[in-house]
1. Can you tell me which residue among L368, L364, L351 is farther than 28 Å from H98 by Cβ and buried (at least 16 other Cβ atoms within 10 Å of the Cβ)?
2. For segment 314-334, which positions are surrounded by fewer than 20 Cβ atoms within 10 Å (Cβ to Cβ) and of a type outside the set (A, V, I, L, M, F, W, C)?
3. Out of the residues in segment 162-216 meeting the condition of being within 10 Å of the ligand (Cβ to nearest atom) and polar (S, T, N, Q), tell me which one is farthest from the chain's Cα centre (by Cα).
4. Kindly check whether there is at least one residue in segment 75-93 that is small (G, A, S), surrounded by 12 or more Cβ atoms within 10 Å (Cβ to Cβ) and within 16 Å of the ligand (Cβ to nearest atom).
5. Considering segment 49-74 alone, what residues qualify as being outside any helix (DSSP H, G or I), surrounded by fewer than 22 Cβ atoms within 10 Å (Cβ to Cβ) and away from the ligand (no atom under 16 Å from the Cβ)?
6. Just checking, does segment 148-170 include any residue being free of Cβ contacts under 8 Å to residues at least 12 places away in the same chain, farther than 24 Å from G23 by Cβ and not in a helix (DSSP H, G or I)?
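The values are calculated or read from the model by the stated rules, or taken from the named source; none is laboratory data. Model, not experiment: these values are computed from the prediction. Every residue, glycine as well, gets a Cβ built from its backbone with ideal geometry; the counts of neighbours run over all protein chains shown.
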Amino acid sequence: MDEQAFAALAQPGIRGLRAYDPGLDLVALRRAHAAGALVELGSNENSHGPSPAARAAMLAAVDTLYRYPDPLGGDLKRALAARHGLPVERFLLGNGSHELLMMLAQVFAGPRLEVLASRYGFAVYALAAQAAGATLRLAETFPPDHAMPRGHDLQALAAAVGPATRLVYLANPNNPTGTWFSSAEFAAFLAALPPTVLVVVDEAYLEYVTDPALVSATALLDRHPNLVVTRTFSKAYGLAGLRVGYLMAAPGLVAVMERARESFNVNGPGLAACEAALGDQEHLAKVCRGNADERQALADALRARELAVAPSQTNFLLVDFGRDAAPIEAGLVARGVVPRPMGGYGLPNCLRLTVGVRDENRRLLQALDEVLA
Ligand SMILES: *Cc1c(COP(=O)(O)O)cnc(C)c1O
C-alpha cells in the first residue's frame, strides 16, 4: 500500500493535509559552511541565545534523564503564575505553543464547526483547523497600501464570525507580517463576540513589543472566559530547541484541555531551563533592547535601499521586493544567508528576515547588496 492508499484510511481532516515542508535543507547547508559562517535568518530564532542560568539548569537536569519529568510541570507553572500574577489553575504547558494551538482545535473544533483566522496569519492555525476536520474561514486583511499592510483587520474578523464559529486564532504581533493591533482595539473586538466563540491570541512575540499601545491580552482574562492567550519560550527566551510553550485561560477551559494532554508532553530539561530563564528577566530585557535597536537599524537600512518593509513589533521584518523574490532568496542562500520565502503564505514577492545580532544583519545587507546589484 502506498501513501495514497493509506490516506484513504485516514480521517477526513488528515486526508487534505500535506506534511510540513521545511523549504530548504538547513542541515545540508550547515554542513557545507564552516561553524558560524551560515547566517540563519529564516525561523525568527534568537541569536542572542538563552540566559546562562537556563543552560546551567538544563545541564543539571540531564543527571535525571532516566526519570520521567513532572507530569504537571508544577515548578514551572508556579514560576509562570508568579511572573504573570495569575493563579496556577490558569496555565497549561505545551511541547512548544504549536502543540497547544493544535490541541485547542482538537478539543474545541471539529466537523460542522468553523475556525476563523486571517489571511497572512500563522500557518499553524489552518493546519490545526484542518487536522480537526473543522471548516477554516479566512478573513481578509488590510491592503498593502494601508498604514498596517496585511495586518489583522479586526473588523473583517468580527464580520466573519457566524453561528458555526467556535474558534478564532490571531497573533499579536502577527507572524509573518510583524504587524500588530492595539490592546484597546482588541478589547473592543473581544467584547463584541458571543462568549461561546473562543478567541486564541498567540503572543509568541509579545516580549519584543515596544509600542506602549500594546500590552498582553492576559489583562482581559478575568473579564472574558472565552479568551486564550498563548506564549512561548522559543523566541525572546531563546529556547526554541527545547520546545516549551504555555497558555493562559479560564481554569475550566484548562481543565478540559488537560483531558487531551499527553501526560509527559514537556521534557525535564525543558521544564528546568524555562523556570531558570523566567528567573533571569535581566537577560530577557537585554535581548529585547538589542532586538529593538537592531530592528530599527535594519528596517532603516532596508528602506534606504528603497525596499518596502512592513512595520514590525517582533524580531523579524517582512520585506516586499515588488517582484518574484525567489531569485533573491537563491542569491542570499548562495552567499550563506538564509531568509524565509513567503510563497507558501501567498506573498511570493516577499521574504521574511529575522532580525539578527549586528554582525548577522551586516552580513545580510552585504549579501543583499550583491544580489540586488
Ligand atoms: C514561532 C511562533 C510560535 C512558537 O511556536 P513554538 O511551538 O512555541 O516554538 C507560535 N506562534 C507564532 C505566531 C510563531 O511565530
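1. Values: L364 fails: farther than 28 Å from H98 by Cβ; L351 fails: farther than 28 Å from H98 by Cβ.
Testing whether each residue is farther than 28 Å from H98 by Cβ and buried (at least 16 other Cβ atoms within 10 Å of the Cβ) leaves just L368.
2. Correct list: D320, G322, R323, D324, P327, G331.
3. Filtering segment 162-216 for residues that are within 10 Å of the ligand (Cβ to nearest atom) and polar (S, T, N, Q), the one farthest from the chain's Cα centre (by Cα) comes out as N172.
4. no
5. So in segment 49-74, the residues outside any helix (DSSP H, G or I) come out as 49-51, 65-73.
Filter again for surrounded by fewer than 22 Cβ atoms within 10 Å (Cβ to Cβ), leaving 49, 65-72.
Correct list: L65, Y66, R67, Y68, P69, D70, P71, L72.
6. yes
For every residue, the table says whether it meets (1) surrounded by fewer than 19 Cβ atoms within 10 Å (Cβ to Cβ); (2) away from the ligand (no atom under 15 Å from the Cβ); (3) basic (K, R); (4) modelled with pLDDT under 95.
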| position | (1), (2), (3), (4) |
| --- | --- |
| R112 | yes, yes, yes, no |
| Y120 | no, no, no, yes |
| Y125 | no, no, no, no |
| A128 | no, no, no, no |
| A134 | no, yes, no, no |
| E140 | yes, yes, no, yes |
| H146 | yes, yes, no, yes |
| R150 | no, no, yes, yes |
| D153 | no, yes, no, yes |
